[in-house]
Structures are given as structure tokens and as C-alpha cells.
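The values are calculated or read from the model by the stated rules, or taken from the named source; none is laboratory data. Here the structure is a predicted model, which is why all the values come from computation and not from measurement. So basically every Cβ, Gly included, is an ideal-geometry build from the backbone, and we count neighbours across all protein chains shown.
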Amino acid sequence: MDENLNDVYNDLIMEHSMNSYNKKKLESCDYEELGHNPSCGDEITLEVKMNGDIIQDMAFMGHGCAISQASTSIMIETLKGKTIQEAKEIIKTFIGMIKREDIADSELEKLEDAIAFKNIQHMPARVKCALLAWHTLEKIIAEREKNLDSGSIISSTIKNNHCNL
């Protein structure tokens, strides 16, 4: 990768880790899920507000390294306004990129700023940090789909919090 491009990506990651515009609590949400990386202590609580099949808003609270915090914030920026299906495809592409799978450039373009994490694949100790939010959102989506399939209204991801029932 071009060294100047690496600098831009590093700046983007630092910007999001130090000034996370998405690190807040939503006024109301439909889903909330705790994500935890026991190997380093990173922890986030991801909140999602849906509008039908569209991710209307997301936010997070938590603590951790610059990679986990920036990855969460950039994931939110990337997926806000997307349908669940679009989000699932982007999540799959991001995880594949981090795990060094062969991904077409046209698919990588869908990652938008999240492509800044491409070099994390060369840092095995940081992979879980970068993937924490993405796996947490995968859990929310899977739970949502399970509940929709079963006709259940209340998600098990909604526990003792301010999310709507």
C-alpha cells in the first residue's frame, strides 16, 4: 500500500479513536449488545436504532485501545443508513479483509473509510480489537433475524437498558 495512503489511514484511525463522534448513548434504541475482548479488555456496548429494515442510528459506549474504539466509530459511520442486507455484506467483507481473504477491489470499496484497517491483518494481536464491534453487530443482526423468523417481538439483546421494547 502507498505510504501516503497509510498516513491518511493512520490519521483517520487516530481521529476516530480520540474524537469518537459516535461514542454516546442513543436517546432510544431497538437493540443493545455488549461486546468484550477478554484477551485485552476492550469492551463496548453497541446500541442500534432501526427504521424498518434500515439502520437508522447507532452509538456505543465503552473503553479499549485506539483500534477497537476507532473501528467501532468507523463501522457506525459506514453502516448508518444501510439496510440490514447491505450491512451484512459489508460486515462479511470487512471480516474477510481482516482475515486476509481474497476480496475483490469492488467489494473493498463498499467499506468506505473502514478500509483504513486493512493493515491490521498484519498485526495478529490487533485483529480481535478491530473485529470487536463488527462481531457485536453480527450478533445483534442474528438475534433480530431469529426473532423476526419466530415472530418474537422482544429481543434477548434488550436487557435492563433504555432500548424500546
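The table below lists the values:
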quantity: Criterion: touching a His at 6+ places or on another chain (Cβ under 6 Å) and either buried (at least 20 other Cβ atoms within 10 Å of the Cβ) or not acidic (Asp, Glu) (or both) - qualifying residue of 115, 55, 74; calculated: 74
quantity: Odd one out for residue 14 among (1) modelled with pLDDT under 95; (2) more than 22 Å from residue 108 (Cβ to Cβ); calculated: (2)
quantity: Where residue 36 falls short, out of the listed (1) surrounded by 17 or more Cβ atoms within 10 Å (Cβ to Cβ); (2) in a strand (DSSP E or B); calculated: (1)
quantity: Residue, farthest from residue 121 (Cα to Cα), within the stretch 81-94, restricted to residues that are touching a helix residue (DSSP H, G or I) at 6+ places or on another chain (Cβ under 8 Å) and either polar (S, T, N, Q) or touching a residue at least 40 places away in the same chain (Cβ under 8 Å) (or both); calculated: 84
quantity: Residue 95 being at pLDDT 95 or above, within 17 Å of the chain's Cα centre (by Cα), under 22 Å from residue 65 (Cα atoms) and surrounded by fewer than 20 Cβ atoms within 10 Å (Cβ to Cβ); calculated: yes
quantity: Exclusive hit being at pLDDT below 95 and part of a helix (DSSP H, G or I), set 142, 116; calculated: 116
quantity: Odd one out for residue 85 among (1) part of a helix (DSSP H, G or I); (2) in contact with a Cys (Cβ under 6 Å, 6 or more places away or on another chain); calculated: (2)
quantity: Hits in the stretch 19-33 (condition: out of contact with any Cys (no Cβ under 8 Å at 6 or more places or on another chain) and modelled with pLDDT of 85 or more); calculated: 22, 23, 24, 25, 26, 27, 33
quantity: Residues located in the stretch 60-71, provided they are crowded, with 16+ Cβ neighbours inside 10 Å and either in contact with a helix residue (DSSP H, G or I) (Cβ under 7 Å, 6 or more places away or on another chain) or more than 22 Å from residue 27 (Cβ to Cβ) (or both); calculated: 60, 64, 65, 67, 68, 69, 70, 71
quantity: Of all residues in the stretch 39-50 being closer than 16 Å to residue 137 by Cα and surrounded by fewer than 22 Cβ atoms within 10 Å (Cβ to Cβ), the one that is nearest to the chain's Cα centre (by Cα); calculated: 45
